[in-house]
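Worksheet: one structure, shown below.
The values are calculated or read from the model by the stated rules, or taken from the named source; none is laboratory data. Note that the structure is a prediction, hence the values are computed from the model and not measured. Glycine gets a Cβ as well: all are built from the backbone with ideal geometry, and neighbour counts include every protein chain shown. All accessible areas refer to the heavy atoms of the entire protein, side chains included, with ligands and DNA or RNA removed. Shrake-Rupley method; radii C 1.70, N 1.55, O 1.52, S 1.80 Å.
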Amino acid sequence: MQILTDQSLDLDQFMIGLKRRNPGEREFHQAVYEVAEKLIPFINQHPKYARAKVLERLTEPDRIIIFRVCWEDDQKNVRVNRGYRVQFNNAIGPYKGGLRFDKSVTLSILKFLGFEQIFKNSLTTLPMGGGKGGSDFNPKDKSDAEVMRFCQAFMTELSRHIGKDKDVPAGDIGVGAREIGYLYGQYKRLENEFGGVLTGKGLAYGGSLIRTEATGFGCVYFAREMLDTKGDAAEGKTCIVSGSGNVAQYTAQKLLDLGAKVVSMSDRTGSIHDPDGLTQEKMNYVIELKTGRRGSLREYADAFGVSFLEGARPWGIPCDMAFPCATQNELNGDDAKTLLANGCMLVSEGANMPSTLDAVKAFEDAKILYAPGKASNAGGVSISGLEMTQNSMRINWPREEVDRRLQAIMHDIHAQCVEYGQDDGFVNYVKGANIGGFVKVADAMLAYGVV
Ligand code: NDP
């Protein structure tokens, strides 16, 4: 039963205040709305959180660092970019969250990502707070030497604000193994310290086995948990995966391992439609094309004689299960209706906030198995957390051990969603993930008093 007091929160009023304080930050508003819509009824049932203004405090970052990044391109031109680190909340552990290098990066995008990260990291059951950072630098059209000079300049400033017990960045869009190597090399040079200050490191210098695969594998492990609640399995199901970067590649790989059929992947240039499904040979081709050569999927279509949907996203291709693994807001309300009309019964998000609010609503109304990214893509940060553990212990766990722990964590995240997401006999995973992620952080904040 909901007991309304004069401390109770009202969603519309709350959002008006948030938008006034953060004008023009569309993605941040969207991420907060999705959480607040589910949390406010819960908070109003537990007035201790409303009295302590926990939601108001949670939506205000601890601090935001913005800095200039100057570097020289190969023609000796001086280039200027903007760097950011949003240290959102460290109630349950050091700030933790990736760095995104992409020309689309804005403060709004990094605030939405940092905010989501608080809940995701809490759900992993590991002691990690939420943060995110990055730059409007686009590594795609740069030489290795230019990327190295940019990373060194970026880290020269960022190094003042991070530390293995303070803030531990990782990769995200545009920040893969190459960038992490350059960033870590510069940190080590500046601080004369070899520790776990970044995750996603190479295996030669403190990385964890399975970290590269973890987000994608975890996304499929989460889907497997959802299917299990219906006595169903992935084997034989037709799947589409958007994106073809780190998360998409290992989502597709794990789907292949489980006997599912992956008929589409995508990138910024368009989508492939391969009705026979990817094989291991084709999967290896995608990894070499996208990670090795940084080419377009058009080459895949030419190499294997399948159709290429120029500039299109893959949601019109009929499937049983969809895995959005590219970027935010890549799946809108109309796309969701198309997926549902084609019989899609499960959506597991590898990307952060890939579905618009309309799309989320359509999935909720249809009561399909729909997992928001903060639950289903938490495998990556989970193994980042285990990379920190291994660095502190100065040991490396074998592949099987890390994979076993990843599966156990995804199982636990699913269990929290089921515990908090009950809705008239149906599990609403958005509600479950938001409330499940909130409780531990909120209780820690209450314990600290007004800080
Ligand atoms: P990558 O840079 O490795 O890959 C991103 C992929 O998405 C690429 O195929 C890229 O196309 C495509 N893409 C990016 N922007 C757009 C766009 N505007 N329109 C169409 N396609 C686009 O990034 P990740 O795989 O690491 O990240 C993907 C998503 O997963 C992001 O939302 C990220 O925040 C989230 N995530 C990542 C984690 C990780 O461990 N890496 C952990 C948790 C979440 P192209 O190849 O043409 O550039």
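For the range 220-272, filtering for residues that are open to solvent by less than 50 Å² (accessible area, probe 1.4 Å) and either within 16 Å of the ligand (Cβ to nearest atom) or not assigned by TED's automatic domain parsing to the domain that holds Ala351 (or both) leaves 28. Pairs are defined by a Cβ separation below 8 Å, a sequence spacing of at least 6 or placement on different chains, a first member in the range 377-398 that is touching a residue at least 60 places away in the same chain (Cβ under 8 Å), and a second member that is open to solvent by 50 Å² or more (accessible area, probe 1.4 Å) and within 15 Å of the ligand (Cβ to nearest atom); the pairs so defined are Asn396/Leu209; Trp397/Leu209; Pro398/Leu209. Would you confirm whether any residue within the range 186-199 is crowded, with 23+ Cβ neighbours inside 10 Å and closer than 17 Å to Thr124 by Cα? Yes, there is a match, as at least one residue in the range 186-199 is crowded, with 23+ Cβ neighbours inside 10 Å and closer than 17 Å to Thr124 by Cα. Of all residues in the range 340-362, at least one satisfies being hydroxyl-bearing (Ser, Thr, Tyr), crowded, with 24+ Cβ neighbours inside 10 Å and either touching a residue at least 12 places away in the same chain (Cβ under 8 Å) or within 14 Å of the ligand (Cβ to nearest atom) (or both). Checking each residue of the range 2-25 against the condition of being at pLDDT below 95 and of a type in the set (Val, Ile, Thr) gives at least one match.
In the set Pro314, Pro324, which member is open to solvent by less than 10 Å² (accessible area, probe 1.4 Å), within 10 Å of the ligand (Cβ to nearest atom) and of a type outside the set (A, V, I, L, M)? Matching residue, one of Pro314, Pro324: Pro324. Consider the range 17-64 and keep the residues that are over 15 Å from Phe119 (Cα atoms) and among the basic types (Lys, Arg). The one that is surrounded by the fewest Cβ atoms within 10 Å (Cβ to Cβ) is Arg20.
One line per residue, one yes/no per condition, for (1) surrounded by fewer than 21 Cβ atoms within 10 Å (Cβ to Cβ); (2) away from the ligand (no atom under 12 Å from the Cβ); (3) in contact (Cβ under 8 Å) with a residue 60 or more places away in the chain; (4) closer than 30 Å to Val35 by Cβ:
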position	(1), (2), (3), (4)
Leu99	no, no, yes, yes
Thr124	no, no, yes, yes
Phe137	no, yes, yes, yes
Asp141	yes, no, no, no
Thr156	yes, yes, no, no
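Condition check for Ile383 on (1) open to solvent by less than 10 Å² (accessible area, probe 1.4 Å); (2) near the ligand (Cβ under 9 Å from one of its atoms); (3) within 12 Å of the chain's Cα centre (by Cα): one failure, at (3). For the range 191-201, the criterion of being within 19 Å of Ile317 (Cα to Cα) and of a type outside the set (Ser, Thr, Tyr) is satisfied by no residue at all. Being modelled with pLDDT of 95 or more and of a type in the set (D, E, K, R) is the filter; apply it to the range 405-437 and report the residue that is nearest to Ser382 (Cα to Cα). Checked the range 405-437; the qualifying residue nearest to Ser382 (Cα to Cα) is Arg405.
Going by what's in this entry, would Thr212 be described as open to solvent by 10 Å² or more (accessible area, probe 1.4 Å), polar (S, T, N, Q) and away from the ligand (no atom under 16 Å from the Cβ)? No. Regarding Ser307, is this residue in contact (Cβ under 8 Å) with a residue 24 or more places away in the chain, among the small types (Gly, Ala, Ser) and within 24 Å of Gly97 (Cβ to Cβ)? It is false that Ser307 is in contact (Cβ under 8 Å) with a residue 24 or more places away in the chain, among the small types (Gly, Ala, Ser) and within 24 Å of Gly97 (Cβ to Cβ).
Can you name the residue in the range 82-94 that is open to solvent by 10 Å² or more (accessible area, probe 1.4 Å) and closer than 29 Å to Lys142 by Cβ and, of all such residues, is farthest from the ligand (Cβ to nearest atom)? Looking at the filtered set, the residue picked out is Arg82. Here Met388 passes the criteria (1) touching a helix residue (DSSP H, G or I) at 6+ places or on another chain (Cβ under 8 Å); (2) more than 11 Å from the ligand (Cβ to nearest atom) except the one numbered (1).
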